[in-house]
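Before any comments, here is the structure.
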Amino acid sequence: MDDDVEILDVDDDNSPRQVPLKNQDLSQLSFTVGEFLSLYGWYLLAVTVTVLLLIQHLRKRRTGQSRQDSVPHNLQDASLVTKRQEAMEAARRRMQEELDAKAAAFKEKQRQQEEEKRRQKIEEWESMKQGKSSKGHKLSGNTEEASPAAAGLKPKMDKKPLRSNDYNPLMGQGGSCSWRPGRRGPSGGG
């Protein structure tokens, strides 16, 4: 196949004229670009990414320097920071006062509960001295009624044991849950 193409143009007097194409080496150019990219494509990509990161870094540095140059802005920031810190300190003080008040109330409640328990123990001790139980009933009336009930609560001793005395679960005697190793060798019968 011949890549050269000739185009004939007709002038006004109907005589053919030869016009050369402007992009004759376009296929050669695409081949050259493809070969270049296949050889140096990864390097080209790495260089491009590095340049983009460098540009971003320089922009950040430039904006940081322009912020440092504005001195009145920093004075405003300092005043805002001190106001914010004072507000946080006031909030912390308020929260600490609330916590201290709650702790004092809890301590007072605990002290009252302990005082109540101590008073109840003293009352029980006084009632025990007088011969009453802690519930306020006399002990003499309850002992006669409680003796048959206490005999009914005793466990039965004539039960037979669930297993014999010589049973050892590690010995593997009896039971349907024993483990057996699988067969060795090929699984197909043959």
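The values are calculated or read from the model by the stated rules, or taken from the named source; none is laboratory data. Since this is a predicted model, take the numbers as computed values, not measurements. Don't worry about glycine lacking a Cβ; one is built from the backbone with ideal geometry, like all the others, and counts go over all protein chains shown. Accessible surface areas use protein heavy atoms only, side chains included; no ligands, DNA or RNA. Shrake-Rupley method; radii C 1.70, N 1.55, O 1.52, S 1.80 Å.
Enter the accessible area of Glu116 (Å², nearest 10), with the probe set to 1.4 Å and all protein chains included. Its heavy atoms expose roughly 70 Å² to the probe. The gain in end-to-end length when the Ser127 to Leu170 segment is fully stretched comes to 9.8 nm, 0.36 nm per residue minus the alpha carbon separation. Note that region 35-43 has calculated 3J(HN,Hα) couplings of 5, 4, 5, 5, 7, 10, x, 5, 5 Hz, one per residue in order, obtained from phi through the Karplus relation 6.51 cos²θ - 1.76 cosθ + 1.60 (θ = phi - 60°); glycine and proline are x.
I'd like to know which of Gln113, Gln96, Gln85 lies farthest towards the positive end of the charge dipole of region 80-137, counting +1 on Cβ of Lys and Arg and -1 on Cβ of Asp and Glu. Checked the options; the winner is Gln113.
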